[in-house]
Protein chains: 2
Amino acid sequence: MSEGGLQCPLPLRQYPNVLLAHGGGGQLSRDLLHHLFLPQFENPLLAPLHDGAVVEIEGRSLAFSTDSYVVSPLFFPGGDIGRLAVNGTVNDLAMCGAKPLYLSCGFILEEGLKMEDLQRVILSCGEAAKEAEVLLVTGDTKVVEKGKGDSLFLNTSGIGLVERPLLPKMVKPGDAIIVSGTIGDHGIAIMSVREGLEFESEMKSDTASLYPLVAKLLDSCQQLHCLRDPTRGGIASALNEIAGAAGVGMVLEETAIPVRPEVQGACEILGLDPLYVANEGKLVAFVAKEESDKALEALRSHPLGKDAAVIGEVATGQEARSCPTGTVVMHTAVGGERIVEMMSGEQLPRIC
Amino acid sequence: MSEGGLQCPLPLRQYPNVLLAHGGGGQLSRDLLHHLFLPQFENPLLAPLHDGAVVEIEGRSLAFSTDSYVVSPLFFPGGDIGRLAVNGTVNDLAMCGAKPLYLSCGFILEEGLKMEDLQRVILSCGEAAKEAEVLLVTGDTKVVEKGKGDSLFLNTSGIGLVERPLLPKMVKPGDAIIVSGTIGDHGIAIMSVREGLEFESEMKSDTASLYPLVAKLLDSCQQLHCLRDPTRGGIASALNEIAGAAGVGMVLEETAIPVRPEVQGACEILGLDPLYVANEGKLVAFVAKEESDKALEALRSHPLGKDAAVIGEVATGQEARSCPTGTVVMHTAVGGERIVEMMSGEQLPRIC
């Protein structure tokens, strides 16, 4: 792309227009990143392709991350776009092994938005920032004409101080794969509002700052290798990305993956696979096998990590035949084996 | 607002819904900031209310800034949304006295956007980043349904290393007010495309990285006090903001303000005042009077600053009677005097 510039590279050529799925966090998002953004922005800091970048300024390692939020509806059980935007960027920083410090927020408002709704979102940003112990230090507001936006979009960017570098390429064969709690809660909370589903117990988004869990893991484990918060595209997409970046295979045990029964039930009704449903308050950790008990103990010592579980491991030499580099294989509950692929289309548009 | 939370404070109560003017950079933007955002986000780093925040991390002063871009059309003479977004955040960092280093970019795409247009914007971001010597290190892409956005919105956030702190409150009575070149070029370039106006010479946006000018000023002037790039709301709004923040009055000489004849002409046709029209490659500098020649020389030594001019001064004791704290007064071309107010409504929606 650096030569000629406007020649659309494969495999984007088959898509002359942007589809919803290009923002879904799955294969099409990945294609956009690899074939459109990276060729143009190429630089060594982008190469690790993590939740945020790690930059060096005068000998200090800082994490820097950005995310735009377009979730619909703005308000949902367990949170709203403001809380989501603050926690989301805080978590991206934490996943880089950084203590989140400072956040920006950029609002794009649609003309006609109720001032009261804006105020609720701002209030919520402020509360979430206090809870996450970060400062909102700079911001911007733009307004677009009615019909040219959708009530409110919100970008947050953030800076954190790296405590210990954690990267996908540090993941090693034999590492335990740990999830900090039940999966799919955020996505199902959003879907239940959108679809008007009613359940016996209310489905709540799990949006939360994960830094307290990260701090505990950094304290307890010398061989913590990588962290990822499995948002859009769920744990299936997150694990596939890391498997690809680290050049390893992964083996999951379906029965070990914590899923709330009501989320499992909702997934069945909606025809969704919880492995692909978004989370906003869960992390996946890769830790050397010998430290997996320590890691579980550290996570479980905090309310956010009480359901933490080892859900699989990075394939070692012996398993490599059935689980080649870059793939994620799952031993299913019924004793079979299936490949867990990266999400290919758009499962849940505007989930974050 | 910290108590009760959802009680809408004056003077926002008269606006139950967001208007375009709330994003225009004038009085309503200011009201939103002071009455909705600041009460919730209050912290000492936000207090100076500059183009970006200055944060301390382990003894280093960093500038941190964010801006969302919703300019329409995406492509215009002299630039496009990508170039604008990169230069805009680079300039906000430079106005803090910082060398811009790292940028993030967050795209919000509307379903159906031509892939070719996205590619042109990305290419343009990459080129502008190279020219401004900053690295685009992290990004994010979201897609919204057709009709819920407007082709492409783009947020950039950035980090810079502060070389010397520059703040509105450092502005002193007697300071020379210098503008680095002709005003209104960006706004008129956008309006001429929107309105289908044709001029003998093409109106071009002035979008550019201003850091080279800032570096020259920092090198040449020991008593450089404050910098501001007068974007939305034009130099009128920028000067009013600084007059308010610094607690000073300002006196401008209309005949000294550089305006291209074709911009002046277009303003007359469109019924606009160039003082309120957006710039994207100009800065206003406040320098001690005795250094104003040095500052002009420094600016004029660079092509971007060739039309630099002293356009007025910060009111001293003697002038304070006709020019009270917080006001900007202009000696007009016809020998009169008028108060230059902050922009009150929305002059040019979606200019950046």
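Derivation of every value follows stated rules applied to the coordinates shown; laboratory data play no part. Since we're looking at a predicted model, the values are computed, not measured. Cβ: placed from backbone, ideal geometry, glycine included. Neighbour counts: every protein chain shown.
Would you calculate, for the protein assembly as shown, the mean residue ellipticity at 222 nm contributed by helices, counting each DSSP H stretch of 4 or more residues as -39,500 (n - 2.57) and dividing by all residues, to the nearest 500? Please report the intermediate quantities before stating the final value.
Values: 18 runs with 192 residues, N = 704.
For the protein assembly as shown, the value works out to -8000 deg cm²/dmol.
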For B:ARG321, which inter-copy label distances result when the label point lies 7 Å beyond Cα on the Cα-to-Cβ vector, reported in nm to one decimal and in ascending order?
10.0
In peptide B:17-29, how many Cβ atoms from other protein chains are near each Cβ within 10 Å, on average?
5
Approximate shape of segment B:218-352 as ellipsoid semi-axes (Cα gyration tensor, √5λ), whole Å, largest first:
22, 20, 15
Taking all pairs of different Cα atoms in segment B:82-223, averaging 1/r and flipping that mean, what Kirkwood radius in angstroms comes out?
17.3
Debye equation applied to the C-alpha atoms of segment B:92-161, log10 I(q)/I(0) at 0.17, 0.28 Å⁻¹
-0.66, -1.22
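Looking at segment A:88-246, what % of its DSSP beta bridges pair antiparallel, to the nearest 5? Could you put the intermediate results ahead of the total?
Details: 11 of 20 bridges.
Here the antiparallel bridges make up roughly 55 percent for segment A:88-246.
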By the C-alpha gyration tensor axes a ≥ b ≥ c (rounded if a/c is under 1.5, else prolate when a/b exceeds b/c, else oblate), the shape of chain A is rounded
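For segment A:54-162, with only Lys/Arg (+1) and Asp/Glu (-1) charged at the beta-carbon, what is the dipole magnitude about the Cα centre, in debye rounded to 20? Please list the in-between numbers first.
Values: 9 positive and 15 negative charges, 13 e Å.
With only Lys, Arg, Asp and Glu charged at Cβ, the dipole is about 60 debye.
DSSP loop (so not H, G, I, E, B), at most 16 other Cβ within 10 Å: list which GluC sites (Glu not before Pro) in segment B:86-163 pass both filters.
Working: sites: B:GLU110, B:GLU111, B:GLU116, B:GLU127, B:GLU131, B:GLU133, B:GLU145, B:GLU163; in loops: B:GLU111, B:GLU133, B:GLU145, B:GLU163.
The qualifying sites are B:GLU133, B:GLU145.
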For each of A:VAL251, B:VAL334, A:VAL90, count neighbouring Cβ atoms within 10 Å of the residue's Cβ, then give the residues from fewest to most.
B:VAL334, A:VAL251, A:VAL90
Only Cα pairs within less than 10 Å get springs; with that Gaussian network setup on chain A, which residue of A:GLY88, A:GLY196, A:GLY139 has the largest fluctuation?
A:GLY196
Where both residues lie in chain A, what percent of DSSP beta bridges are antiparallel, nearest 5?
75
Averaged over all viewing directions, the convex hull of the alpha carbons in segment A:74-130 casts a projected area in nm² of 4.4
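Pick out, in residue order, every one of the trypsin sites (Lys or Arg not before Pro) in segment B:96-153 that is DSSP loop and has at most 16 other C-beta atoms within 10 Å; say none if there are none.
Details: sites: B:LYS114, B:ARG120, B:LYS130, B:LYS142, B:LYS146, B:LYS148; in loops: B:LYS146, B:LYS148.
Sparse-neighbourhood loop trypsin sites (Lys or Arg not before Pro): B:LYS146.
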DSSP beta bridge pairing in the protein assembly as shown, given as percent antiparallel to the nearest 5
80
When every alpha-carbon pair in the protein assembly as shown is counted, what percent end up more than 44 Å apart?
23
Convert each backbone phi in segment B:28-35 into a coupling constant with the Karplus relation 6.51 cos²θ - 1.76 cosθ + 1.60 (shift: θ = phi - 60°), then list the ³J(HN,Hα) values in order as whole Hz, x for Gly and Pro.
5, 4, 4, 4, 4, 5, 6, 9
Report, ordered by chain and residue number, the lysines lying within cross-link reach of B:LYS146, taken as a straight Cα distance under 25 Å and ignoring same-chain residues fewer than 8 apart.
A:LYS114, A:LYS142, A:LYS146, A:LYS148, B:LYS114
Give the lysines reachable from A:LYS289 as a straight Cα distance under 21 Å; neighbours fewer than 8 places away on the same chain don't count.
A:LYS169, A:LYS172, A:LYS216, A:LYS306
If one computes the Cα centroid of segment B:42-111 and of segment A:180-231, what distance in Å separates the two points?
31
Select from A:VAL55, A:ILE351, A:GLY23 the residue farthest towards the positive end of the dipole of chain A; place +1 on Cβ of Lys and Arg, -1 on Cβ of Asp and Glu, and compute about the Cα centre.
A:VAL55
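Subtracting the Cα-Cα distance from 0.36 nm times the residue separation, let me have the gained length for B:ARG164 to B:GLU337 in nm, one decimal. Each step should come with its number before you reach the end.
Numbers: separation 173, 0.36 × 173 = 62.28 nm, distance 3.57 nm.
Separation in residues times 0.36 nm, less the Cα-Cα distance, equals 58.7 nm.
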Would you kindly work out, in nm and rounded to one decimal, the distances from the label point of B:GLU131 to those of the same position in each other copy, ordered shortest first, with label points 7 Å along Cα-to-Cβ?
4.4
Would you mind giving the mean number of other chain beta-carbons within 10 Å of the Cβ of each residue in A:57-67, as a whole number?
6
Roughly how many debye, to the nearest 20, is the charge dipole of the protein assembly as shown about its Cα centre, given +1 on each Lys and Arg Cβ, -1 on each Asp and Glu Cβ, and no other charges?
500
Using a Gaussian network for chain B with springs between C-alpha atoms less than 10 Å apart, which of these wobbles most: B:PRO258, B:PRO39, B:PRO100?
B:PRO39
Within segment A:243-325, trypsin sites (Lys or Arg not before Pro) in DSSP loop having at most 10 other beta-carbon neighbours inside 10 Å:
none
Report relative contact order for chain A in percent, whole number only (criteria: Cα-Cα under 8 Å, sequence separation at least 6).
23
With the label set 7 Å along Cα→Cβ, B:ALA256 is separated from its counterparts in the other copies, in nm and shortest first, by 7.4
